[in-house]
Amino acid sequence: MTVLVNPFIELQKTGRSIWYDGLCRRLLTSGWLKNALNEYAVTGAVFNPDVFEKTLSGGAEYDHEIAWLLRKPSAPASSALDSILIEDALLASDALMDVYESNKGKDGYVSIDVFGPLSNAGAIIRKAKVFIAAINRPNVMLRIPASVAGIRAGEALASKGAAVYLTNIHTVERLNGALTALANGLRKRPVTPA
């Protein structure tokens, strides 16, 4: 008798985390993500901006919601997109919450991109705070491009307790700046009693 071994479970046993990159509403509402947690040992998920853009432009998945949001008085297109991303992040973070709680925050995150002017740390921080307040889940991780302003914003947000990772790092100098900023941000966090 042959015993089938799930390679994803075996990989997880080595201490690796499997994150799914490319979430969209259909995968969340169909139960696909919940199933992937068990079948593929998925322990985190990413809203990839390229996949999100293709889903928005190439299909009807979000058409009804976009039309409804844009009918609201003075609703710019960017706030409609933020509303969709926030709703999807809520669904994903709820689906991953058991993973997050069972391993005490080591895994179980959903990652969302903080879009904004890459040269304005204040704008990046303001956008991140909108997401943090609207989603209000401990297992949301903010993905911020590692521009000079993004690195400053990442440090400030990490110092306030946000889960942050900096991305699009293409030089050793930028990597060193990003690591230093996040370490500084973590050191500035208030200490909470155990």
Let's see if you can work this out: charge +1 on each Lys and Arg Cβ, -1 on each Asp and Glu Cβ, no other charges. What is the dipole magnitude of segment 1-61 about its Cα centre, in debye to the nearest 20?
140 debye
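Quick one: which of K13/K129; K72/K106; K54/K127; K106/K127; K106/K129 span more than 29 angstrom between C-alpha atoms?
Working: K13/K129 35 Å; K72/K106 39 Å; K54/K127 22 Å; K106/K127 25 Å; K106/K129 22 Å.
Over 29 Å apart, Cα to Cα: K13/K129; K72/K106.
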Two-decimal Rg/Rh across the chain, once Rg and the Kirkwood Rh are taken from alpha-carbon atoms:
1.00
Protection-proxy order for peptides 5-14, 85-94, each taking the mean of Cβ atoms within 10 Å per residue, highest first
85-94, 5-14
Could you please state how large a percent of the accessible area of the chain is carbon and sulfur, counting protein chains only and using a 1.4 Å probe?
58 percent
Net charge (Lys, Arg +1; Asp, Glu -1) of residues whose beta-carbon lies under 11 Å from that of G177, G177 excluded, is 0
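Dipole of segment 24-164, Cα-centred, from +1 at each Lys and Arg C-beta and -1 at each Asp and Glu C-beta, to the nearest 20 debye? Provide the component values of the computation, followed by the final result.
Numbers: 15 positive and 15 negative charges, 96 e Å.
Around 460 debye, computed over segment 24-164.
Using a probe radius of 1.4 Å on heavy atoms only, what accessible surface per residue do you get for segment 46-176? Whole Å² is fine. Don't skip to the end; give the middle numbers.
Working: 6710 Å² over 131 residues.
With the other protein chains kept in place, segment 46-176 gives 51 Å² per residue.
Give me the percent relative contact order of the chain, please, defined on Cα pairs under 8 angstrom at least 6 residues apart. Present the calculation step by step, with values, prior to reporting the outcome.
Working: 265 pairs, mean separation 29.2, N = 194.
Taking the mean separation of contacting Cα pairs over the length of the chain, I get 15 percent.
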Restrict the search to segment 78-147; then list the trypsin sites (Lys or Arg not before Pro) that DSSP places in a loop and that have at most 16 other Cβ atoms within 10 Å of their Cβ.
K104, K106
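The values are calculated or read from the model by the stated rules, or taken from the named source; none is laboratory data. For clarity, every value in this text was computed on a predicted model and none was experimentally measured. Neighbour counts are summed over all protein chains in view; Cβ atoms, including those assigned to glycine, are modelled from backbone coordinates with ideal geometry. Side chains included, ligands, DNA and RNA excluded: accessible areas come from the protein's heavy atoms. Shrake-Rupley method; radii C 1.70, N 1.55, O 1.52, S 1.80 Å.
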